[in-house]
Amino acid sequence: MKNLMNKFLFLLSAIIIISCTTVKTKDPVSLYSELDKNAPSNTLTRTEKKDGWQLLFDGQNKTGWHGYNMTMFPDCWTIEDGAFTMTTEGRGESQDIITDKVYKSFAFSIEYKLTKGANSGIIFQVAEDPKYKFPYETGPEFQVIDQDNWPDTLKDWQICGANYAMYPPKTKPYKPLGEWNHILLVVNGNNVNQILNGEVVVEYIKNSDEWKKLRDSGKWVNFPDYGKYDEGHISLQNHGTKVWYRNIKIKEI
């Protein structure tokens, strides 16, 4: 009886530990709270390192990034005041940059600042293959845009914070033009949460019936491999307008 009770208590303890770990991993709010918003840009605090965060950009070097379907870093991107930005020369929107490494389940943190009328995006689960011209042909996009100064009328799935051409944002917590905004993108299996300045603006389940219906009835009809991959590169989009990106961190979950 004593041995049976010990086994029961051991099993119960294991379940509690696993449950607590799962909640911490899956809850995007808890991941957001791990980030020190007052720390110097492009650095990791001791606590962030302990929690498993990794720095993807130190504000000085291009290490860890390359041009999509390229072996080098493209000339249409540069580093300015500790941030990645586009030179915008020659309308370089055809050349996005991507992480060297591929990721599956992760929390991706980044800050961005827009110029007037700028348009960009963070694309994830990107397949790098010569048969694709752009990262968006395979990867979902967290839309980044100055919608207030965009010359054309935008659909709700085109505005800032949207899962582009799929899910519109619930709220519009973006900051005024010229200020830094913070993005946290949490991908845990098929569960995706997009957080803008601390607010969950989009959440969806990839490959759900709803997701498939949206994919098959809109822009992605002509891109059959959109959302096909469960892991891939993370891309910063160059749409020919100037945007700054800094403080880029990731935590694999």
For this session: Return only the number of the condition from (1) free of Cβ contacts under 8 Å to residues at least 40 places away in the same chain; (2) among the charged types (D, E, K, R); (3) crowded, with 22+ Cβ neighbours inside 10 Å that D96 does not satisfy.
Result: (1)
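I want to confirm something. Restricting to the stretch 121-179 and keeping residues that are among the aromatic types (F, W, Y) and assigned to a helix (DSSP H, G or I), which single residue is surrounded by the most Cβ atoms within 10 Å (Cβ to Cβ)?
Y136
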For this session: Of the numbered conditions (1) in contact with a Pro (Cβ under 8 Å, 6 or more places away or on another chain); (2) surrounded by 16 or more Cβ atoms within 10 Å (Cβ to Cβ); (3) in a loop (DSSP other than H, G, I, E, B), G117 fails exactly one; give the number of that condition.
Result: (2)
Problem set entry | Cβ pairs under 9 Å, 6+ apart, first in the stretch 114-143 and at positive phi and touching a residue at least 60 places away in the same chain (Cβ under 8 Å), second of a type in the set (K, R) and surrounded by fewer than 16 Cβ atoms within 10 Å (Cβ to Cβ) | Q125/K104; Q125/K228
For this session: Given the conditions (1) more than 13 Å from the chain's Cα centre (by Cα); (2) more than 28 Å from N222 (Cα to Cα), report the number of the one that P169 does not fulfil.
Result: (2)
Exercise. Can V102 be described as within 20 Å of W211 (Cβ to Cβ), touching a residue at least 24 places away in the same chain (Cβ under 8 Å), out of contact with any Ser or Thr (no Cβ under 8 Å at 6 or more places or on another chain) and not small (G, A, S)?
Worked result: no
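Tell me the residue from T63, T45, T78 that is surrounded by 13 or more Cβ atoms within 10 Å (Cβ to Cβ) and out of contact with any strand residue (DSSP E or B) (no Cβ under 7 Å at 6 or more places or on another chain), please.
The conditions single out T45.
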For this session: Determine if the stretch 181-201 includes at least one residue that is in a loop (DSSP other than H, G, I, E, B), farther than 14 Å from G121 by Cα and of a type in the set (G, A, S).
Result: yes
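Computed from the coordinates by the stated procedures, all read-outs in this text should not be read as laboratory data. Bear in mind that the values here come from a model prediction, so they are computed numbers and not experimental data. So basically every Cβ, Gly included, is an ideal-geometry build from the backbone, and we count neighbours across all protein chains shown.
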